[in-house]
Amino acid sequence: MEETDIKLRADGIQKKVISPGKGELSTFPDGTKVKFHYRTSLCDGTVLDDSRTMGGRSKPMELILGKKFKLPVWEQVVTTMREGEIADFTCDVKHTALYPLVSLSLRNISHGKDPLEGQRHCCGIAQVHSHHSMGHSDLDKLQANPQPLVFTLEMLEILPPGSFQLEIWAMTDEEKMQAIPQIHEEGNALFKSGDITAAAEKYYSAIACLKNLQMKERPGDDQWIKLDLMITPLLLNYCQCKQLLGQYYEVLEHCSSIINKYDDNVKAYFKRGKAHAAVWNEAEARDDFDKVIKLDPSLETSVAKELRAMEDRIREKQKEEKGRYKNLFNYSSKAPAAASTG
C-alpha cells in the first residue's frame, strides 16, 4: 500500500483505484490546475451529481489548487492521482458536511444561474444545520442527515502553474482589473470576425467580472463610479451583439438601465430605439431617435435611415395583414358556393 493511501485512510478517506493513470505522480504545487470528471454517490449507490450529465451537458470540473475551494477534500484527493486515473474515494462525514452547498452551486452554474442563488442569507455552517430548503429534495435530505459520500473521479488533465490562462473566477481583484482590457479586445476581434455569439460571451464575462468587483464598493463612491464607467461600453457592445442575434427585449432592458443612470448616453438611446423599432414599438422608437438627434445632431442621417427602415417594415406588415384579411373575406364568400356544388 502506497504512503499516500495510508495517509488517506488515517484521515477518514478510503481510495479504490478503478483504472490506473499514466506517468509520474505530480508534486501538485499551489497554482496547479486540475481538470476531472466527478460522480458523487451515497454509499448505497444513489447518484447525486455527475459532471458528464449535469445541466444536460458534459462539463468537467476545474480546480486551481491553493485557492481554498469550498470542499477541501477534493483538493486533498486529486493530489493522489495521475492523468487518466479513475478512482473511488469514500469520505467520512467530516469531509462531506458542506457538500450540499457545493452541489447547489455546481447545479446552479450548470444551468447558467448565479452560483450563490439559494444560499445568500447565512454562512455555510449555519445553513447546513438550518431548515432552509435548497430547492432540491436530495440535497435537503443530505443537509438534514449528513453522511459519508463516494466521489468517483477521472483525472483528465494536470496543468502546472503558468502553463494556462487563469479563469476569471480564479483571479485576484488586481488580476481581474488587468485582464479586462484584454477580454474587451478579444470580444472586439470576435465581433469583427463575425462570431457574434462568442463575442457576446466575452463581453458578458468582462461585465460579470467588473460587477463582481463593484459589489465590494459602496454605490456612488469614486471606485464604484469608475467601475460603472468601465461596464457601460462593454454593456453597449453586448447589446449590439444581442440586437444582431434578435434578442431585442434584452437590449431594451440593458439600454434602459444605462439611460436611467446616464441620461445623455447617445449610444444607449440609439440602440434602444432600434430595439423598439424591431418589436413594433413605433412611438417609443421615435422618442428615442428624437433624443439621439437632440444629443448629437450629426447623427440625423443615421436616424433618418433607421426611421425609413422602420416605416418600410410597418408598411410591409400592414400590406401583409390587408392581404390576409382580403383572402379570409374571399374564402368566406366562396365557401357556401363551393359547398353547394357537391
Handout entry: Reachable lysines from K192, criterion Cα separation under 22 angstrom, eight or more residues apart if same chain
Key = K202, K242, K267, K271, K274
Handout entry: Mean ellipticity per residue at 222 nm, deg cm²/dmol - from DSSP H runs of n ≥ 4 across the chain, formula -39500 (n - 2.57)
Key = -18000 deg cm²/dmol
Practice task
Sort W74, W224, W280 from largest to smallest accessible area, using a 1.4 Å probe on the heavy atoms of the protein chains.
Solution key: W280, W224, W74
Problem - √(5λ) per eigenvalue of the Cα gyration tensor, the chain, largest first, Å - result: 52, 29, 20
Problem - Most fluctuating residue given options Y203, Y325, Y38, as computed from a GNM of the chain linking Cα atoms under 10 Å - result: Y325
Problem - Candidates K271, K319, K59, ranked by Gaussian network fluctuation over the chain, Cα under 10 Å, top entry - result: K319
Practice task
Can you tell me the order of 62-71, 256-265 when each peptide is scored by its average per-residue count of other Cβ atoms within 10 angstrom, highest first?
Solution key: 62-71, 256-265
Exercise for the section: Mind jotting down the three principal axis lengths of the range 174-232 based on Cα atoms? Whole angstrom, largest first. Expected result: 38, 19, 14
Problem - Share of pairwise Cα separations in the range 237-302, more than 20 Å, in percent - result: 19
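The values are calculated or read from the model by the stated rules, or taken from the named source; none is laboratory data. Just so you know, these numbers come straight off a predicted model, no measurement behind them. Counting neighbours? That spans all protein chains shown, and the Cβs are built from the backbone with ideal geometry, glycine included. Accessible surface is based on the protein model in full, side chains and every heavy atom, while ligands, DNA and RNA are left aside. Shrake-Rupley method; radii C 1.70, N 1.55, O 1.52, S 1.80 Å.
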